[in-house]
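The block underneath contains the structure these notes are about, expressed in C-alpha cells.
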Amino acid sequence: MEWQDEGFVLNRRSHGETAAIVSILTRGHGRHAGLIHGGQGARKSGLLQVGSRLNVTWRGRLSEHLRTFEADPVATNIGYNIDDPGRVAALQAATSLLHMALPEREPYPELFDGFEALSDALVGEAWAHGYIFWEFAFLQSLGFSLDIAACAVTGATEDLTHVSPRSGRAVCAQAAEAYQDRLLKLPPFLAGGRYGGEQDLVDGLVLTGHFLERHVTSTHNLPLPQPRIRLLEICRAMAAQSASTDS
C-alpha cells in the first residue's frame, strides 16, 4: 500500500538509535504517524522540525501496521524564519493541539488550510492575533464554535464585550454589566472591531483557552500544552510592559 501527499510535522519522537516516529497532518489523509529511518540524524532532524511542510510518501504492507514515511521539503521550513519566543510558542501550541485532538486517518482539509494560513501569519506583524483567530477556527472545525454574532440576552449585534463561559455566546456591555466577574472578555478584534493592545491578546487567549480546556484537552485527560501556557505568559508580560510604559 502506498500514497503521496503534502503534510506538516506535528510531533516527533525518537525510535531506537537512529529512527524517529513522526506525526504529520496531511491534506488528503488526515493525521498520520509513521517511521522515518535516520530521523534522528543531522540532515533529517532539521527537515523534521515541528511545523515543517513536506512532501511525504507512505508505504506499508497493511494499513494497520506502523507505516514508513519518506519525506522531502516543500519550501523553507517556518522554523528557520522565526526566533521570537512568542511566535515559536504559538507554532508549538498549534501543532501540539492538532496532534492531541485529531483522530488518525480522518481528513480535515480545513484544518490543513488553516494551519497553512497560520504559518504565514506567524512571520507577520499581527502574528498573535492570527494565532487567536486560528484557535477560534480550530474549535469551530471540531464542532465547538463560539456564537459571537449577537448578544444572547438582548439580541444586539453591537457593543459585544463578553462571552458566557457556559454557552459560548456573546453578551453586550449593557447585559454584562452586573455579571462581568462571571463572564469572559471578548476582545474587539474577534468581534470584527479594531485591533487593540496587548491586553486584548491576553483576553483572546483566555477566552479560547477556556473552551479548549473544556471541549478538547479535558476529553484526553490532559491540560493545555505547555507551549500554549507559555504563550499566554508571554502575552501577559507584554501587556504588563505596555501598561507600565503607558503609565
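The values are calculated or read from the model by the stated rules, or taken from the named source; none is laboratory data. Note that the coordinates shown come from a computational prediction; the quantities given were computed from them, not determined experimentally. FYI the Cβ positions are ideal-geometry reconstructions off the backbone, even for glycines, and counts take in every protein chain you see.
A compact table of results
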| read-out | value |
| --- | --- |
| Enumeration of residues in the range 146-164 that are part of a strand (DSSP E or B) and either within 30 Å of THR245 (Cβ to Cβ) or of a type in the set (S, T, N, Q) (or both) | LEU160, THR161, HIS162, VAL163 |
| Set ALA137, ALA93: member being in the same structural domain as THR219 (by TED's automatic domain parsing), in a helix (DSSP H, G or I) and without any contact (Cβ under 8 Å) to a residue 60 or more places away in the chain | ALA137 |
| Filtered residues of the range 33-45 (kept if without any contact (Cβ under 8 Å) to a residue 60 or more places away in the chain and either in the same structural domain as LEU91 (by TED's automatic domain parsing) or closer than 14 Å to SER14 by Cα (or both)) | GLY34, LEU35, ILE36, HIS37, GLY38, GLY39, GLN40, GLY41, ALA42, LYS44, SER45 |
| Checklist (1) surrounded by 13 or more Cβ atoms within 10 Å (Cβ to Cβ); (2) modelled with pLDDT under 95; (3) in a helix (DSSP H, G or I); (4) not charged (D, E, K, R) applied to TYR131, failing item | (2) |
| Matching strands (runs of 3 or more DSSP E) fully within the range 1-73 where at least 3 residues are under 18 Å from GLU116 (Cα atoms), at pLDDT 85 or above and among the hydrophobic types (A, V, I, L, M, F, W, C) | 2-15 |
| Filter result (under 22 Å from the mean Cα position of the chain (by Cα) and under 28 Å from ASP246 (Cα atoms)) within the range 165-192 | LEU184, LYS185, LEU186, PRO187, PRO188, PHE189, LEU190, ALA191, GLY192 |
